[in-house]
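The values are calculated or read from the model by the stated rules, or taken from the named source; none is laboratory data. Remember, it's a predicted structure, so these values are computed and weren't measured experimentally. When we count neighbours, we look across all protein chains shown, and the Cβ atoms used for this are built from the backbone with ideal geometry, even at glycine.
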């Protein structure tokens, strides 16, 4: 004997569906007084916002519905009731200028529960939210199991125990399983909801694709093209000769419409060849004299070739101290400075380098970026601080002499991509400089790395250069995939942190 497969359809509601909607609401809300909307109320809602009212039919019969309006977030900033959110059931709180989808109702007839119909309705709401560029979905969720515990625990404790799995509340559990999170308890929310003791939970889902509305003419990039320069160390006659080589690479990356160009750490070290007669600390301080004019050249190139340039790093004197410094030169002509925070034992002992005391994420026209210079990538706290500021892409310019030194940078950078759910681009120099003390050999393989989840390469490597070969590496990265990962990844490294046990904090004046 065979059982006929039911026909399931989801469609916009019409007033002709009212009889089925009323019957479904009466069966769904047996524990609530006045459990259904009148025909007049539904008609007004359908006329105000037809896209927001959808139903699921099984073999032509209403099995469940989702009703919603668009409201302004400010209406939800304070305690509010269901009556207030719906404008005393007139829905005059609905406005096309609002920024949030408010869930007026969502119900499934008892006989059809267990078929995941509610998930289908929520998926539609989420897609509608993204389509209309709304901040997210909000509603007051009932807690119908609370009456069994009201004499012994508060609504807040009840919610926490439901989240921990100690108490079963099918309504709240359903909302939590659909990526909604509780923000606060609402008192006196729904009149007549005796099983919830008229308490509700303000539940939210955030639209990760929301873009703030603006009147400015601007383009916000989602797919970003990264250009990495695997730099060959060679002798240069003077700074003009070096700048010519820099422009060659910027031109090449610009011709492929790259959004970023990343240069390595201490790429300008060949200019120290003229100072071999000096001590190593004095030689690198002479090299520092080129930093300001090189910054001017990079800024001009960023504008001329319409590309954001991460200048790797260069020595810089400030207040009598020597720092390892680099710059983000944006294509709009602005620039930002970053310092290497952790200097290696050799850099401190041989050159007298001093570590900086500030790290932060930078805003660009292609999302937020961070820069950690070489050894800094081996300290996970710095990457986590940048991730907490919303970093999408981490750039790591480095200089490593041996393969094991390179492996430390590469593997730590890979860890930063996974734990911070971001892209990481690393770039270094190749070749040798026999005429420059303390800069003998270099080993490099430039790489663009990703998190490890289904939308990304299984090994977390987007692209990689040929080891120890001068070349450019170009790779496209999709920032929307990061948003998807943050909210729907197989694991959620950022969201699942135990702030009750640990957190990364800044203790320095600037850091």
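Output yes when any residue across the stretch 199-219 is touching a residue at least 24 places away in the same chain (Cβ under 8 Å), in a loop (DSSP other than H, G, I, E, B) and crowded, with 18+ Cβ neighbours inside 10 Å, and no when none is. Yes, that holds for at least one residue.
Looking only at the stretch 281-304, decide whether some residue is at pLDDT below 95 and not in a helix (DSSP H, G or I). Looking for residues that are at pLDDT below 95 and not in a helix (DSSP H, G or I), one finds none in the stretch 281-304, hence no.
Looking only at strands (runs of 3 or more DSSP E) that fall completely inside the stretch 426-511, which ones have 1 or more residues that are under 23 Å from the mean Cα position of the chain (by Cα) and not assigned by TED's automatic domain parsing to the domain that holds residue 178? Even if it seems obvious, please write down each step before you answer.
Details: elements: 429-432, 447-449, 461-464, 471-478.
Once the strands (runs of 3 or more DSSP E) in the stretch 426-511 are filtered for at least 1 residues that are under 23 Å from the mean Cα position of the chain (by Cα) and not assigned by TED's automatic domain parsing to the domain that holds residue 178, what remains is 447-449, 461-464, 471-478.
Scanning the stretch 349-368 for residues that are within 30 Å of residue 211 (Cα to Cα) and assigned to a strand (DSSP E or B) returns 362, 363, 364, 365, 367, 368. Residues considered: 46, 101. Of these, the only one that is assigned to a strand (DSSP E or B), in contact (Cβ under 8 Å) with a residue 24 or more places away in the chain and either surrounded by 12 or more Cβ atoms within 10 Å (Cβ to Cβ) or out of contact with any strand residue (DSSP E or B) (no Cβ under 8 Å at 6 or more places or on another chain) (or both) is 101.
The listed residues are 22, 30, and the only one of them that is in a loop (DSSP other than H, G, I, E, B), surrounded by fewer than 20 Cβ atoms within 10 Å (Cβ to Cβ) and more than 38 Å from the chain's Cα centre (by Cα) turns out to be 30.
Quick check on the stretch 394-401. Is at least one of its residues out of contact with any helix residue (DSSP H, G or I) (no Cβ under 8 Å at 6 or more places or on another chain), touching a residue at least 12 places away in the same chain (Cβ under 8 Å) and either over 22 Å from residue 324 (Cβ atoms) or in a loop (DSSP other than H, G, I, E, B) (or both)?
Residues of the stretch 394-401 that are out of contact with any helix residue (DSSP H, G or I) (no Cβ under 8 Å at 6 or more places or on another chain), as a first pass: 395, 401.
Next cut, touching a residue at least 12 places away in the same chain (Cβ under 8 Å) only: 395, 401.
Retained after the next criterion (residues that are either over 22 Å from residue 324 (Cβ atoms) or in a loop (DSSP other than H, G, I, E, B) (or both)): 401.
Yes; the residues of the stretch 394-401 include at least one that is out of contact with any helix residue (DSSP H, G or I) (no Cβ under 8 Å at 6 or more places or on another chain), touching a residue at least 12 places away in the same chain (Cβ under 8 Å) and either over 22 Å from residue 324 (Cβ atoms) or in a loop (DSSP other than H, G, I, E, B) (or both).
Screening the stretch 323-343 for residues that are outside any loop (DSSP other than H, G, I, E, B) and touching a residue at least 40 places away in the same chain (Cβ under 8 Å) and picking the one that is nearest to residue 394 (Cα to Cα) gives 328. When the stretch 440-480 is examined, which residues are found to be out of contact with any strand residue (DSSP E or B) (no Cβ under 9 Å at 6 or more places or on another chain) and surrounded by 15 or more Cβ atoms within 10 Å (Cβ to Cβ)? 452, 453 - these are the residues of the stretch 440-480 that are out of contact with any strand residue (DSSP E or B) (no Cβ under 9 Å at 6 or more places or on another chain) and surrounded by 15 or more Cβ atoms within 10 Å (Cβ to Cβ). Taking the conditions exactly as written (in a helix (DSSP H, G or I) and more than 18 Å from the chain's Cα centre (by Cα)), does residue 346 satisfy them or not? In short, yes.
Filtering the stretch 313-333 to residues that are out of contact with any helix residue (DSSP H, G or I) (no Cβ under 6 Å at 6 or more places or on another chain) and loosely packed, with under 14 Cβ neighbours inside 10 Å leaves 318, 319, 320, 321, 332. I want to confirm something. Restricting to the stretch 357-388 and keeping residues that are in contact (Cβ under 8 Å) with a residue 60 or more places away in the chain, more than 15 Å from the chain's Cα centre (by Cα) and crowded, with 22+ Cβ neighbours inside 10 Å, which single residue is nearest to residue 417 (Cα to Cα)? The selected residue is 371.
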